[in-house]
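The values are calculated or read from the model by the stated rules, or taken from the named source; none is laboratory data. Computed from a predicted model, the values in this text were never measured in an experiment. Here the Cβ positions follow ideal geometry from the backbone for every residue, glycine too, while neighbour counts run over all protein chains shown. These area figures cover heavy atoms from the full protein model, side chains too; ligands, DNA and RNA do not enter into them. Shrake-Rupley method; radii C 1.70, N 1.55, O 1.52, S 1.80 Å.
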Amino acid sequence: DTGVSQDPRHKITKRGQNVTFRCDPISEHNRLYWYRQTLGQGPEFLTYFQNEAQLEKSRLLSDRFSAERPKGSFSTLEIQRTEQGDSAMYLCASSLDGTRPDTQYFGPGTRLTVL
Amino acid sequence: AQSVTQLDSQVPVFEEAPVELRCNYSSSVSVYLFWYVQYPNQGLQLLLKYLSGSTLVKGINGFEAEFNKSQTSFHLRKPSVHISDTAEYFCAVSVPRTGRRALTFGSGTRLQVQP
(Lines give C-alpha, C1' and ligand atoms only; values in the text may rest on other atoms or scores of the structure.)
Protein backbone atom coordinates (compact mmCIF):
# COMPACT_ATOMS: atom_id res chain seq x y z
CA ASP A 1 0.00 0.00 0.00
CA THR A 2 1.41 3.35 -0.98
CA GLY A 3 0.44 6.19 1.29
CA VAL A 4 -1.13 9.52 0.50
CA SER A 5 1.05 11.57 -1.83
CA GLN A 6 1.03 15.29 -2.49
CA ASP A 7 2.61 17.39 -5.17
CA PRO A 8 4.45 19.71 -5.05
CA ARG A 9 6.05 19.45 -1.64
CA HIS A 10 7.02 23.10 -1.68
CA LYS A 11 5.65 26.07 -3.61
CA ILE A 12 6.86 29.66 -3.53
CA THR A 13 4.73 32.19 -5.32
CA LYS A 14 4.19 35.91 -5.52
CA ARG A 15 1.12 37.56 -4.11
CA GLY A 16 -1.70 37.61 -6.62
CA GLN A 17 -0.66 34.47 -8.48
CA ASN A 18 -2.77 31.31 -8.70
CA VAL A 19 -1.49 28.00 -7.37
CA THR A 20 -2.77 24.43 -7.64
CA PHE A 21 -1.90 21.47 -5.45
CA ARG A 22 -2.54 17.81 -6.12
CA CYS A 23 -3.32 14.98 -3.73
CA ASP A 24 -3.37 11.26 -4.52
CA PRO A 25 -5.11 9.28 -1.76
CA ILE A 26 -4.51 5.68 -0.72
CA SER A 27 -5.89 3.70 -3.65
CA GLU A 28 -8.99 2.10 -2.09
CA HIS A 29 -9.95 5.12 0.03
CA ASN A 30 -13.09 6.89 -1.11
CA ARG A 31 -12.95 9.82 1.31
CA LEU A 32 -10.51 12.68 0.86
CA TYR A 33 -9.89 15.69 3.08
CA TRP A 34 -7.96 18.94 2.86
CA TYR A 35 -6.57 20.72 5.91
CA ARG A 36 -4.47 23.83 6.39
CA GLN A 37 -1.79 24.12 9.06
CA THR A 38 -0.17 27.41 9.98
CA LEU A 39 3.03 27.67 12.00
CA GLY A 40 2.63 26.55 15.58
CA GLN A 41 -0.97 25.42 15.13
CA GLY A 42 -2.82 22.21 14.59
CA PRO A 43 -4.37 21.43 11.22
CA GLU A 44 -7.68 23.13 10.41
CA PHE A 45 -10.29 21.44 8.25
CA LEU A 46 -10.98 22.95 4.82
CA THR A 47 -13.10 20.50 2.86
CA TYR A 48 -14.09 16.85 2.43
CA PHE A 49 -15.04 14.62 -0.52
CA GLN A 50 -16.80 11.30 -0.61
CA ASN A 51 -15.96 9.87 -4.01
CA GLU A 52 -16.37 12.85 -6.37
CA ALA A 53 -18.93 14.70 -4.25
CA GLN A 54 -17.76 17.61 -2.11
CA LEU A 55 -19.87 17.09 1.01
CA GLU A 56 -18.52 19.61 3.47
CA LYS A 57 -16.72 22.95 3.32
CA SER A 58 -15.30 25.00 6.15
CA ARG A 59 -15.86 28.72 6.51
CA LEU A 60 -12.08 28.94 6.08
CA LEU A 61 -12.56 28.01 2.43
CA SER A 62 -13.03 31.47 0.95
CA ASP A 63 -14.20 32.17 -2.59
CA ARG A 64 -10.58 32.19 -3.72
CA PHE A 65 -10.24 28.51 -2.84
CA SER A 66 -11.68 25.71 -4.93
CA ALA A 67 -11.24 21.98 -4.63
CA GLU A 68 -12.17 19.23 -7.06
CA ARG A 69 -12.10 15.48 -7.21
CA PRO A 70 -13.40 14.85 -10.72
CA LYS A 71 -13.15 11.06 -10.94
CA GLY A 72 -13.25 10.22 -7.27
CA SER A 73 -9.53 9.50 -7.20
CA PHE A 74 -7.00 12.35 -7.00
CA SER A 75 -7.98 15.83 -5.88
CA THR A 76 -6.76 19.34 -6.63
CA LEU A 77 -6.87 22.41 -4.45
CA GLU A 78 -6.56 25.74 -6.24
CA ILE A 79 -5.97 29.10 -4.61
CA GLN A 80 -6.61 32.12 -6.79
CA ARG A 81 -5.06 35.55 -6.23
CA THR A 82 -2.88 34.31 -3.39
CA GLU A 83 -2.34 36.48 -0.34
CA GLN A 84 0.46 36.40 2.21
CA GLY A 85 -2.01 35.02 4.73
CA ASP A 86 -2.37 31.91 2.57
CA SER A 87 1.17 30.87 3.50
CA ALA A 88 0.76 27.55 5.29
CA MET A 89 1.18 23.81 5.00
CA TYR A 90 -1.70 22.26 3.06
CA LEU A 91 -2.36 18.69 4.14
CA CYS A 92 -4.38 16.04 2.39
CA ALA A 93 -5.79 12.97 4.12
CA SER A 94 -7.83 9.98 3.01
CA SER A 95 -9.99 7.37 4.69
CA LEU A 96 -12.18 4.39 3.85
CA ASP A 97 -15.95 4.60 4.18
CA GLY A 98 -17.46 2.02 6.50
CA THR A 99 -14.53 1.74 8.89
CA ARG A 100 -14.99 2.62 12.56
CA PRO A 101 -13.58 4.99 13.51
CA ASP A 102 -13.12 6.85 10.26
CA THR A 103 -9.35 6.98 10.48
CA GLN A 104 -7.66 9.59 8.34
CA TYR A 105 -4.21 8.99 6.91
CA PHE A 106 -2.22 12.08 6.02
CA GLY A 107 0.13 12.93 3.22
CA PRO A 108 3.42 14.82 3.64
CA GLY A 109 1.84 18.17 2.84
CA THR A 110 2.53 21.03 0.44
CA ARG A 111 4.22 24.01 2.02
CA LEU A 112 3.09 27.25 0.37
CA THR A 113 5.03 30.47 0.78
CA VAL A 114 3.47 33.63 -0.64
CA LEU A 115 5.93 36.49 -1.05
CA ALA B 1 -19.20 22.35 18.71
CA GLN B 2 -16.33 20.25 19.90
CA SER B 3 -12.91 21.55 20.90
CA VAL B 4 -9.55 20.13 21.95
CA THR B 5 -7.13 21.66 24.43
CA GLN B 6 -3.53 20.56 24.72
CA LEU B 7 -2.41 22.03 27.97
CA ASP B 8 1.33 22.13 27.30
CA SER B 9 2.82 23.76 24.23
CA GLN B 10 6.28 22.33 24.98
CA VAL B 11 7.45 19.43 27.12
CA PRO B 12 11.19 19.01 27.66
CA VAL B 13 12.26 15.64 29.01
CA PHE B 14 15.47 13.67 29.36
CA GLU B 15 16.05 10.50 27.39
CA GLU B 16 14.71 7.32 29.08
CA ALA B 17 12.43 9.34 31.35
CA PRO B 18 8.64 8.87 31.30
CA VAL B 19 6.44 11.46 29.67
CA GLU B 20 2.76 12.43 29.67
CA LEU B 21 1.23 14.78 27.09
CA ARG B 22 -2.12 16.13 28.19
CA CYS B 23 -5.25 16.47 26.10
CA ASN B 24 -8.73 17.56 27.13
CA TYR B 25 -11.72 17.72 24.86
CA SER B 26 -15.14 19.29 24.95
CA SER B 27 -18.16 17.68 23.35
CA SER B 28 -21.79 17.12 24.27
CA VAL B 29 -21.90 13.75 22.51
CA SER B 30 -19.68 10.72 22.16
CA VAL B 31 -16.42 11.22 20.32
CA TYR B 32 -13.62 9.32 18.67
CA LEU B 33 -10.17 10.38 19.88
CA PHE B 34 -6.83 10.28 18.12
CA TRP B 35 -3.20 11.11 18.70
CA TYR B 36 -0.99 12.00 15.74
CA VAL B 37 2.75 12.71 15.60
CA GLN B 38 4.38 15.12 13.19
CA TYR B 39 8.12 15.06 12.54
CA PRO B 40 9.75 18.20 11.10
CA ASN B 41 8.59 19.04 7.58
CA GLN B 42 6.42 15.94 7.38
CA GLY B 43 2.74 15.10 7.48
CA LEU B 44 0.92 13.54 10.41
CA GLN B 45 1.31 9.91 11.40
CA LEU B 46 -1.36 8.15 13.44
CA LEU B 47 -0.10 6.99 16.84
CA LEU B 48 -3.31 5.55 18.28
CA LYS B 49 -7.07 5.92 18.35
CA TYR B 50 -9.97 5.38 20.74
CA LEU B 51 -13.44 4.37 19.68
CA SER B 52 -14.97 2.56 22.63
CA GLY B 53 -14.27 -0.29 24.99
CA SER B 54 -11.11 -0.48 27.05
CA THR B 55 -10.07 2.95 28.21
CA LEU B 56 -6.36 2.15 27.82
CA VAL B 57 -5.27 2.21 24.21
CA LYS B 58 -1.88 1.05 23.00
CA GLY B 59 -0.31 2.56 19.91
CA ILE B 60 2.87 2.46 17.91
CA ASN B 61 6.37 3.28 19.13
CA GLY B 62 5.54 2.29 22.73
CA PHE B 63 2.93 5.02 23.27
CA GLU B 64 -0.35 4.51 25.06
CA ALA B 65 -3.26 6.74 26.00
CA GLU B 66 -6.00 6.58 28.58
CA PHE B 67 -9.54 7.77 27.95
CA ASN B 68 -11.23 9.31 30.97
CA LYS B 69 -14.84 10.20 30.27
CA SER B 70 -15.49 11.98 33.57
CA GLN B 71 -12.41 14.16 33.10
CA THR B 72 -12.97 14.44 29.33
CA SER B 73 -9.29 13.67 28.89
CA PHE B 74 -7.17 11.51 26.61
CA HIS B 75 -3.60 11.84 27.87
CA LEU B 76 -0.71 10.27 25.97
CA ARG B 77 2.06 8.47 27.85
CA LYS B 78 5.31 6.70 27.23
CA PRO B 79 7.30 5.04 30.02
CA SER B 80 10.72 5.72 28.51
CA VAL B 81 11.35 8.18 25.70
CA HIS B 82 14.07 8.18 23.05
CA ILE B 83 15.75 11.03 21.23
CA SER B 84 13.84 9.94 18.14
CA ASP B 85 10.53 10.76 19.86
CA THR B 86 11.32 14.46 19.51
CA ALA B 87 8.40 15.76 17.44
CA GLU B 88 5.09 17.64 17.58
CA TYR B 89 2.15 15.67 18.96
CA PHE B 90 -1.47 16.48 18.14
CA CYS B 91 -4.62 15.30 19.86
CA ALA B 92 -7.74 15.24 17.68
CA VAL B 93 -11.42 14.45 18.01
CA SER B 94 -14.21 13.53 15.64
CA VAL B 95 -17.91 13.40 16.42
CA PRO B 96 -19.49 10.64 14.35
CA ARG B 97 -23.04 11.21 15.51
CA THR B 98 -23.14 14.61 13.85
CA GLY B 99 -22.24 13.10 10.51
CA ARG B 100 -19.31 15.49 10.19
CA ARG B 101 -16.08 13.83 9.12
CA ALA B 102 -13.67 16.63 9.94
CA LEU B 103 -11.12 16.15 12.68
CA THR B 104 -10.75 18.94 15.21
CA PHE B 105 -7.15 19.24 16.37
CA GLY B 106 -5.50 20.74 19.39
CA SER B 107 -2.70 23.24 18.94
CA GLY B 108 -0.05 20.62 19.53
CA THR B 109 2.63 19.78 22.10
CA ARG B 110 6.28 19.88 21.13
CA LEU B 111 8.13 17.04 22.85
CA GLN B 112 11.84 17.78 23.18
CA VAL B 113 13.89 14.79 24.32
CA GLN B 114 17.29 15.76 25.61
CA PRO B 115 20.28 13.40 26.02
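Would you mind putting A:67-78, B:100-111, A:22-33 in packing order, based on average other-beta-carbon counts within 10 Å, highest first?
B:100-111, A:22-33, A:67-78
Nearest 100 Å² is fine: how much accessible area is buried between B and A, summed over both sides, with a 1.4 Å probe?
Adding both sides of the contact gives about 1800 Å².
Tell me which residues come under 5 Å, amide H to amide H, from B:Leu48 once H is placed; ignore anything under 5 positions away on its chain.
Counting only residues 5 or more places away or on other chains, the set is B:Trp35.
Between the chain alone and the structure with every protein chain in place, find the residues of region B:25-46 that drop at least 20 Å² of accessible area; heavy atoms, 1.4 Å probe.
B:Tyr32, B:Phe34, B:Tyr36, B:Gln38, B:Asn41, B:Gly43, B:Leu44, B:Leu46
Go through region A:76-89 residue by residue and turn each phi into a ³J(HN,Hα) via Karplus (6.51, -1.76, 1.60, θ = phi - 60°); whole Hz please, and just put x for glycine and proline.
Couplings: 10, 10, 10, 10, 9, 6, 4, 10, 4, x, 7, 4, 5, 9 Hz.
Taking H placed 1.01 Å from N in the peptide plane, check which residues at least 5 places from B:Val11 or on another chain put their amide H under 5 Å from its amide H.
The answer is B:Arg110, B:Leu111, B:Gln112.
Report the one residue of B:Pro18, B:Leu46, B:Ser94 whose Cα lies farthest in the direction of the positive end of the charge dipole of region B:1-110 (charges on C-beta: Lys and Arg +1, Asp and Glu -1; origin at the Cα centre).
Projecting each Cα onto the dipole axis, the largest value belongs to B:Ser94.
Work out how far the C-alpha atoms of the protein assembly as shown reach from end to end along every principal axis, then list the three figures in whole Å, largest first.
Reported extents, whole Å, longest axis first: 48, 40, 34.
Just want to confirm a number: the relative contact order over region A:54-110, from Cα pairs under 8 angstrom separated by 6+ residues, in percent.
Working: 48 pairs, mean separation 12.9, N = 57.
About 23 percent, as a whole number.
Ratio to report: Rg/Rh of chain A, with Cα atoms as the point set and Rh obtained by the Kirkwood method; give two decimals. Numbers along the way, then the final one.
Values: Rg = 13.5 Å, Rh = 14.1 Å.
In chain A, Rg relative to Rh is 0.95.
Could you list, in their original order, any pairs among A:Lys14/A:Lys71; A:Lys11/A:Lys71; A:Lys71/B:Lys49; A:Lys71/B:Lys58 whose Cα atoms are separated by more than 28 Å?
Cα-Cα > 28 Å for A:Lys14/A:Lys71; A:Lys71/B:Lys49; A:Lys71/B:Lys58; rest within.
Using each residue's phi in region B:19-35, evaluate 6.51 cos²θ - 1.76 cosθ + 1.60 at θ = phi - 60° and report the 3J(HN,Hα) Karplus result to the nearest Hz, with x for Gly and Pro.
9, 9, 10, 8, 9, 10, 10, 10, 6, 8, 10, 5, 10, 9, 10, 9, 10
May I ask you to evaluate 6.51 cos²θ - 1.76 cosθ + 1.60, the Karplus curve with θ = phi - 60°, for each residue of region A:103-114 and list the ³J(HN,Hα) values in order in whole Hz, giving x for glycine and proline?
Using θ = phi - 60°, the values come out as 8, 9, 10, 9, x, x, x, 10, 8, 9, 10, 10 Hz.
Taking only protein heavy atoms and a 1.4 Å probe, what accessible area per residue, in Å², does the protein assembly as shown have with all protein chains in place?
That works out to 49 Å² for each residue.
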